[in-house]
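Chemist: Attaching a single structure in structure tokens format; questions to follow.
The values are calculated or read from the model by the stated rules, or taken from the named source; none is laboratory data. Keep in mind it's a predicted model, so treat the numbers as computed, not measured. Here the Cβ is made from the backbone with ideal geometry for all residues, glycine too, and neighbour counts use every protein chain on show.
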Amino acid sequence: MATLYDRVVKGMEVALETAQKSVEALMGKAEDTAEVIKLRLEKTRLEREISRKFAELGSKLYEKAVREGKEVGILQEPEVQQLIEDLKRMDRELAHTQALMEQEIRKQEEAKAS
């Protein structure tokens, strides 16, 4: 028959092992969550940058069309073309970041389900 001491030690060992497994699981989830947070921050940064570029593009178009009277061929202006190319690039970056974030979220959901 196990003594009181043996039972207490056994109970403490089981509790410690359970706590250790819980901490390991939480650490894994914290790492995954950190990755999603990082991707969300990157997505937000890109959205703000895109918004600023759109404002800059609108301002350029207004300046060229209204103030300079260059309505014809305005989209061929080098400054306007550069802004459009920047927006295309940022749109691709945003789509890529969104895809990575969704992939990471799916991965976390699958890990929770198993």
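This table checks each residue for (1) at pLDDT 80 or above; (2) assigned to a helix (DSSP H, G or I); (3) out of contact with any His (no Cβ under 8 Å at 6 or more places or on another chain).
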residue: ARG7; (1), (2), (3): no, yes, yes
residue: GLU63; (1), (2), (3): yes, yes, yes
residue: LYS70; (1), (2), (3): yes, no, yes
residue: LEU75; (1), (2), (3): yes, yes, yes
residue: ILE84; (1), (2), (3): yes, yes, yes
residue: GLN98; (1), (2), (3): yes, yes, yes
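Chemist: Taking GLU102, is it of a type in the set (Asp, Glu) and under 32 Å from the mean Cα position of the chain (by Cα)?
Modeler: Numbers: of a type in the set (Asp, Glu): yes; under 32 Å from the mean Cα position of the chain (by Cα): yes.
Yes.
Chemist: Mind listing whichever residues of the range 52-81 are among the polar types (S, T, N, Q) and surrounded by 11 or more Cβ atoms within 10 Å (Cβ to Cβ)?
Modeler: The answer is SER59, GLN81.
Chemist: Could you pull out the residue among ARG52, ARG45 that is over 25 Å from GLU110 (Cα atoms), part of a helix (DSSP H, G or I) and within 17 Å of the chain's Cα centre (by Cα)? Give the derivation first.
Modeler: Working: ARG52 fails: within 17 Å of the chain's Cα centre (by Cα).
Among ARG52, ARG45, only ARG45 is over 25 Å from GLU110 (Cα atoms), part of a helix (DSSP H, G or I) and within 17 Å of the chain's Cα centre (by Cα).
Chemist: In this structure, is ASP86 surrounded by 11 or more Cβ atoms within 10 Å (Cβ to Cβ), in contact with a helix residue (DSSP H, G or I) (Cβ under 6 Å, 6 or more places away or on another chain) and not hydrophobic (A, V, I, L, M, F, W, C)?
Modeler: Values: surrounded by 11 or more Cβ atoms within 10 Å (Cβ to Cβ): yes; in contact with a helix residue (DSSP H, G or I) (Cβ under 6 Å, 6 or more places away or on another chain): yes; not hydrophobic (A, V, I, L, M, F, W, C): yes.
When the stated conditions are applied, ASP86 passes them.
Chemist: Follow-up question, since we're still on this one. Of the residues GLU104, GLU109, GLU24, which is in contact (Cβ under 8 Å) with a residue 60 or more places away in the chain and either assigned to a helix (DSSP H, G or I) or touching a Lys or Arg at 6+ places or on another chain (Cβ under 7 Å) (or both)?
Modeler: When all the criteria are applied, what remains is GLU104.
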